[in-house]
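First the structure, in the form of structure tokens, and then the observations on it.
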Amino acid sequence: MNTLNTFPGIWLKAAVGITTALSTLLFSANLRAADDDERPGTFVLQVENDLFGGGTDQYYTQGVQVTFVPKDKWEPEWFKDLMDMIPGVNLDGNSTFAVALGQQMFTPEDTTRPNPDSTDRPYAGWLFGSIGAIVEKPDSHLLQNVSLDLGIVGPASLAGYTQRRWHSLIGVGLPRGWGKQLHNEPGIMLSYQARLRQPILEPQHFLELDVMPTAGVTLGNVLTQASVGASIRLGQNLGLTYGAPFIRPSLPAAAIVRSKGQFGWNLFAGVEGRAVARNIFLDGNTIGDSRSVDKNNFVLDFQGGIEFTLGYARLSFTQIYRTREFEGQRVPSQFGSISLSAIF
């Protein structure tokens, strides 16, 4: 069943407005103005959808996130002092904060059943806000990110309402099992990730080549996991970015652009492995009875795509292939990610 279960434009406009208002409210005081030669800020819209992969509503079916990353050194002093208390995080490099708002949807393979198969992935939604710090060490090409996600799982995430409403608007079959979704539960995640950019072919060559090993950890009742991975890029002006951004389990560190008004492009491929101790979307609610399945504790993501930086905008498209996440999952997940950034 080919469906386009993305958000209505009115929701996106509301998300943009809320994110901008939130960032202004939290950080309007005591901000330090950035010089013209410092790293610019970005506003990022990301859409992930299995329409871009297998073209069916199943498993991880939809994600939307808006992210605001201000210019270098815009963080207030109290935020800098708070981040300095976290081991391994030092904001003396080129640092900034990031705020984000997003929603994700998870469904079983068969969305036509009002009472879904108990061995299939349960319906679940996740509505969240994120705040974090991004620290770049230009001399060592090291990028660090620490972030805190707060949100809600369950009917209050509005995932079921959004998907049914959108399907009704575009005249396709309605998912019938949202009444069996996970129940409401507040969610929290604290995450850390580091990326190390290692140039292989430098800018003096016609084409540049680099590799980026990554490592991270996430703790919380929504996700608890550790990850390691690496990616390789081939193109021009690779130093403009640290790769295409993704919605969690990836972190927003890659949302930054290091310079505006320049052109760059790259083809990229990568792999990430995750050791998963908890995934609420598979394990079910922390307290009380809910649908659940037996998850696989080790998951691999294979990624490939293309990225363009065009002066004051960045566009990327990525295809993601995710290995089976639970016992009885008939086929691996496949979905695409589109990211559009405005650079200011």
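The values are calculated or read from the model by the stated rules, or taken from the named source; none is laboratory data. These figures come from a predicted structure and were not determined experimentally. All Cβ positions, even for glycine, are placed from backbone atoms using ideal geometry, and neighbour counts span all protein chains on display. Keep in mind that these areas ignore ligands, DNA and RNA; they rest on the heavy atoms of the full protein, side chains included. Shrake-Rupley method; radii C 1.70, N 1.55, O 1.52, S 1.80 Å.
The modelled label-to-label distance for the pair ASP110/SER259, using points 7 Å beyond Cα in the direction of Cβ, is 5.7 nm. Among HIS167, HIS141, the sequence by solvent-accessible area, most first, with a 1.4 Å probe is HIS141, HIS167. Between amide H atoms placed 1.01 Å from N, distances below 5 Å from ARG121 occur with GLU109, all of them 5 or more places distant or on a separate chain. Rolling a 1.4 Å probe over the protein heavy atoms of segment 82-237, with every protein chain left in place, gives an accessible area that is 63 percent carbon and sulfur.
Within the accessible area of segment 269-344, the carbon and sulfur atoms contribute 62%, probe 1.4 Å, all protein chains present. Extension gain, SER118 to LEU174, is 18.2 nm, computed as 0.36 nm per intervening residue step minus the present C-alpha separation. Rolling a 1.4 angstrom probe over the protein heavy atoms with all chains in place gives segment 111-183 an accessible area of 41 Å² per residue. Take the Cα of ARG324, step 7 Å toward its Cβ, do the same at PHE308, and the gap between the two points is 3.9 nm.
Proximity of backbone amide H atoms, modeled 1.01 Å from N, is registered between THR214 and GLY229, ALA230 at under 5 Å, excluding neighbours fewer than 5 places apart on the same chain.
At a probe radius of 1.4 angstrom, the accessible area of segment 238-344 per residue rounds to 40 square angstrom. Other residues within the sphere of radius under 14 Å centred on the Cβ of ALA269, judged by their own Cβ, net out at -3 (K and R +1, D and E -1).
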